[in-house]
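Enquirer: My questions will all concern the structure given below.
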Amino acid sequence: MNIPQAVSYWLMPDQQSEPALERLSDCAQQQMNGCRLPPHITLYSDHLDSPERAIERLVATADQQPPIRLQPQAIEAGALFTQSLVIRFSVEAREQAAHAALQTCCEHLRQRSANALGYRLDPHLSLLYSHDALPIRQACATALIPPATCLRFDRISAVSHPLRIQTIDDIAAFTTLTTQQLN
């Protein structure tokens, strides 16, 4: 059986920011049943045409973008498996430059892609993917405290994965194609 594949481009935290996010995911996993991926913000997703083209798009985008700083605002629980437990970021006026940079990255990738999925940027960082009931997810979100300081993101990764992400097996099928430092 040939499972349709997608490519996602992830904005990845730097080495100083990543441990705080890993600790939050560890705490969440102690309270809920679930799985996780490396901490990331999805910039864009589309059908995987070829790994080589996906890597070309990533390199072209990363070369034009300096690192991005984002201020965590809240931890939220969602009804979707792919947004079970997420960090949302501040959208205050002083954060507009960071959000504009995210939008620019998304647009660069969209312009270089087939855009068959109609991806819409929704900047969040998933801490855990879970099928636990929403009240359990909400209780966990309430118990966790987001990092108080800005997080710095300095890399973009291209990852291939099943087109539909609905199970822990789908999460396990994610494969990193390459990672590139932001310029």
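Enquirer: In whole Å, largest first, what are the principal axis extents of the Cα atoms in the stretch 42-87?
Expert: Largest to smallest, the principal-axis extents are 35, 26, 9 Å.
Enquirer: Sort D154, D26 by accessible area with a 1.4 Å probe, largest first. Walk me through the numbers on the way to the answer.
Expert: Values: D154 20, D26 70 Å².
Highest to lowest solvent-accessible surface, that is D26, D154.
Enquirer: Now, a different point. How large is the accessible surface per residue of the stretch 44-183, computed with a 1.4 Å probe and reported in Å² as a whole number? Before the final figure, lay out the partial values.
Expert: Details: 6890 Å² over 140 residues.
Here the residues of the stretch 44-183 average 49 Å² of exposed surface.
Enquirer: If one puts a single equal scatterer on every Cα of the stretch 1-80 and applies the Debye formula without solvent, what log₁₀ I(q)/I(0) results at q = 0.17, 0.26 Å⁻¹?
Expert: The Debye formula, applied to the Cα set alone, gives -0.93, -1.32.
Enquirer: Taking +1 at the Cβ of each Lys and Arg and -1 at the Cβ of each Asp and Glu, which of Q16, I3, M32 sits farthest along the dipole of the stretch 1-51 towards its positive end, judged by Cα position relative to the Cα centre?
Expert: M32
Enquirer: In the stretch 89-145, which GluC sites (Glu not before Pro) fall in coil by DSSP and have 10 or fewer other Cβ atoms within 10 Å? Don't skip to the answer; put the middle values down first.
Expert: On the way: sites: E92, E95, E107; in loops: E92.
For GluC sites (Glu not before Pro) across the stretch 89-145 that sit outside H, G, I, E and B with at most 10 neighbouring Cβ atoms in 10 Å, the list reads E92.
Enquirer: Hey, what does the equivalent ellipsoid look like for the stretch 76-180, semi-axes from the Cα gyration tensor as sqrt of 5 times each eigenvalue, largest first, whole Å?
Expert: Numbers: eigenvalues 114, 92, 33 Å².
Output for the stretch 76-180: semi-axes of 24, 21, 13 Å.
Enquirer: Beyond 22 Å, what share of the Cα-Cα pairs of the chain is found? Please give it as a whole percent.
Expert: Numbers: 7348 of 16653 pairs.
Tail of P(r) above 22 Å: 44 percent of Cα pairs.
Enquirer: Where does the stretch 1-48 land on the Kirkwood hydrodynamic radius, alpha-carbon pairs, in angstrom?
Expert: 12.8
Enquirer: Quick one: order H99, H161, H131 from most to least accessible surface, probe 1.4 Å.
Expert: H131, H99, H161
The values are calculated or read from the model by the stated rules, or taken from the named source; none is laboratory data. Remember, predicted model here, so these are calculated numbers, not experimental data. A quick note on method: Cβ atoms are made from the backbone with ideal geometry, for glycine too, and the neighbour counts reach across all protein chains shown. Surface accessibility is based on the protein's heavy atoms, side chains included, excluding ligands, DNA and RNA. Shrake-Rupley method; radii C 1.70, N 1.55, O 1.52, S 1.80 Å.
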